[in-house]
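First the structure, in the form of structure tokens, and then the observations on it.
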Amino acid sequence: MSVTTDTRPLDVLADFPAIPAGWAYLDTAATSQKPKPVLDAINRGYGETYATVHRGVYQRSADMTLAFEAARERVAKFIHGEARETIFVRGATEGINLVAQCWAGTQLKAGDRILLSTLEHHSNIVPWQMVAEKVGAIIDVIPLTADQRVDLDAMAAMITPAHKLVALAHVSNVLGSVLDAKRACQIAHSVGAKILLDGCQAVPRMAVDVAAIGCDFYVFSGHKLYGPTGIGVLWGRYELLDAMPPYQGGGSMIDRVTFAKTTYAPPPGRFEAGTPHIVGVVGLHAAVDYVESIGLDRIHAHETALVRQAREALSQLNSVRLFGPEDSAGIVSFAVEGVHPHDVATILDEGNVAIRAGHHCAQPLMDALGVPATARASFGVYNGAADIAALVKGIERVTRIFG
């Protein structure tokens, strides 16, 4: 994607009908609000053009099938992959589990090693633990740098030929730390390991090119990308997908079924058993179009500016401790001294400021940070300076109440 010098703040709040005036929605890292074009696409999908896909011979089914596969092409282009490598799943969690069961579960053996990092989401930890327990593999964990990024120097020192798989977050859902994904892939491949990247927090806010990065698998969820829930994407190198057994059995994923033997469709169909989330796919297409109509470079610049403003404002409050690097991507995690994050979030909600508080499905990271939980403000295209002002005002009220 071309880079623009347009650094004007975004002014798209009117596109989001679920954000009323005066409500500061700062929980986009958990799930994004939906713009009108996505809502319209979903409404049309159910209200005007709905039919099943891949099976009907009548015209509407054929038209919906074309729309479904056009969405696959669009999503593949969005991350610079190929349509035949792009699998629709329920979300990134299912995508990771699919790779864990169908690749790692069939390729790893006792004594093989899996490499994760300290900051991973539980969805990028637990599926690998399940496989490791099943096959007798061992999990190693990359530490963080002083500014709370994945320590790739440590990764390079730790990795061995026994490591067969690496799984890392492209952007941390807690710290906003951005992984040098290309270098991580080079390190993994230096010993012949495959690498999966969790792109949930990356694809809504920066251009992703899986070919240039050089990863083997990439996953993300639609609902964090201004699309509907229940739809996500697993991208994988075709030669890897083609060698993997199916994740689930059922309709659509077959070539020929007899009671003696069943043969399977090639990817991506092999991994899409049953009737898919048809309208979710249509909504995801609209979401990709919406994001690219703004420009990922502009979105990244907008969120970078908001993070900088928020960190500067919060750093002026003596009782606030900030986590993550200065250049975190769209996410600011913090703690207020002597106040549990849940209390912080409750008081902020009284002032119409919505943040997330808790361990953010990253309990090992909380242990590493030495806290039980953090408060997290995360930004989207609809946020602006007024939201930061409301956040700071709310935290000042928190300090007065607990002071």
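If you place +1 on the Cβ of every Lys and Arg, -1 on the Cβ of every Asp and Glu, and leave all else neutral, what size is the dipole of the stretch 159-299 about its Cα centre, to the nearest 20 Debye?
The dipole of the stretch 159-299 has a size of about 280 debye.
Place a +1 charge on the Cβ of each Lys and Arg in the stretch 43-167 and a -1 charge on the Cβ of each Asp and Glu, then give the dipole magnitude about the Cα centre in debye, rounded to the nearest 20.
The dipole magnitude comes to about 440 debye.
Heavy-atom accessible area per residue, the chain, 1.4 Å probe: how many Å²?
In whole numbers, the chain has 42 Å² accessible per residue.
How would you rank 387-399, 257-269, highest first, on the average number of other Cβ atoms within 10 Å across their residues?
Per-residue mean Cβ counts within 10 Å order the peptides as 387-399, 257-269.
Rg/Rh for the chain to two decimals, with Rh computed the Kirkwood way over all alpha-carbon pairs.
0.98
For the residue pair K134 and T31, what label-to-label distance in nm results when each label sits 7 Å from Cα along the Cα-to-beta-carbon direction?
It works out to 2.8 nm between the two label points.
Rounded to the nearest 5, what is the percent of antiparallel bridges among the DSSP beta bridges in the chain?
DSSP beta bridges in the chain are roughly 60 percent antiparallel.
Filter the chain for me: DSSP H helices, axial length by Cα at least 15 angstrom, mean Kyte-Doolittle hydropathy not below -0.5. List them by residue number.
36-47, 59-78, 278-294, 296-315, 385-402
Heavy-atom accessible area of E337 with all protein chains present, probe 1.4 Å, nearest 10 Å²?
150
Enumerate the amide H contacts of Q201 below 5 Å, restricted to partners 5 or more residues apart or on another chain; note that Pro and chain-start residues carry no placed amide H.
The answer is V171.
Express the carbon and sulfur contribution to the solvent-accessible surface of the stretch 74-157 as a percent, rounded to the nearest whole number, probe 1.4 angstrom.
The C+S portion of the solvent-accessible surface of the stretch 74-157 is 51 percent.
How charged is the neighbourhood of A368? Take every other residue with its Cβ under 13 Å from the Cβ of A368, and add Lys/Arg as +1 and Asp/Glu as -1.
Residues near A368 contribute -2 overall.
Largest first, how would M158, M244 line up by accessible area (1.4 Å probe)?
M158, M244
Compare I294, I401 by solvent-accessible area with a 1.4 Å probe and give them largest first, with all protein chains kept in place.
I401, I294
Rounded to the nearest 0.05, what FRET efficiency do E312 and V141 give with R0 = 30 Å and r taken as the Cβ-Cβ distance? Could you check?
E between E312 and V141, to the nearest 0.05, is 0.40.
Heavy atoms of the protein only, probe of 1.4 Å, neighbouring chains included. What is the accessible area of K36 in Å², nearest 10?
Number for this one is 100 Å².
Using the Karplus curve 6.51 cos²θ - 1.76 cosθ + 1.60 with θ = phi - 60°, work out ³J(HN,Hα) for each residue of the stretch 351-366 in order, rounded to whole Hz, and write x for Gly and Pro.
Rounded to whole hertz, the list is x, 6, 10, 9, 10, 9, 9, x, 8, 6, 6, 8, 4, x, 5, 4.
Report D for the stretch 19-151 in µm² per second (integer): Stokes-Einstein, Kirkwood Rh on Cα pairs, 20 °C, 1.002 mPa s.
Rounded to a whole number, D works out at 114 µm²/s.
Once amide H atoms are built 1.01 Å from N in the peptide plane, which residues 5 or more positions from I138, or in another chain, come under 5 Å H to H?
Correct list: G111, D112, R113, I114.
Average the reciprocal distances over every distinct pair of alpha-carbons in the stretch 249-320, invert the result, and give the Kirkwood radius in Å.
The answer is 16.8 Å.
Leaving ligands, DNA and RNA out of it, work out the accessible area of F271 with a 1.4 Å probe and give it in Å² to the nearest 10.
Solvent-accessible area, nearest 10 Å²: 20 Å².
Hey, got the dipole for the chain? About the Cα centre, +1 on K and R Cβ, -1 on D and E Cβ, debye to the nearest 20?
It works out to roughly 660 debye.
Counting helices only, and only those DSSP H runs with n ≥ 4, report the 222 nm mean residue ellipticity of the chain as the sum of -39,500 (n - 2.57) divided by its residues, in deg cm²/dmol to the nearest 500.
Counting only the DSSP helices, I get -11500 deg cm²/dmol.
As I understand it, the dipole of the chain uses +1 on the Cβ of Lys and Arg and -1 on the Cβ of Asp and Glu, about the Cα centre. Which of Q148, N97, S319 lies farthest toward its positive end?
N97
Rg over Rh of the stretch 274-403, using C-alpha atoms and the Kirkwood radius, what does it come to?
Rg/Rh: 1.05.
The values are calculated or read from the model by the stated rules, or taken from the named source; none is laboratory data. Computed from a predicted structure; not experimentally measured. Glycine gets a Cβ as well: all are built from the backbone with ideal geometry, and neighbour counts include every protein chain shown. Heads up: the accessible areas ignore ligands, DNA and RNA and are worked out on the full protein's heavy atoms, side chains in. Shrake-Rupley method; radii C 1.70, N 1.55, O 1.52, S 1.80 Å.
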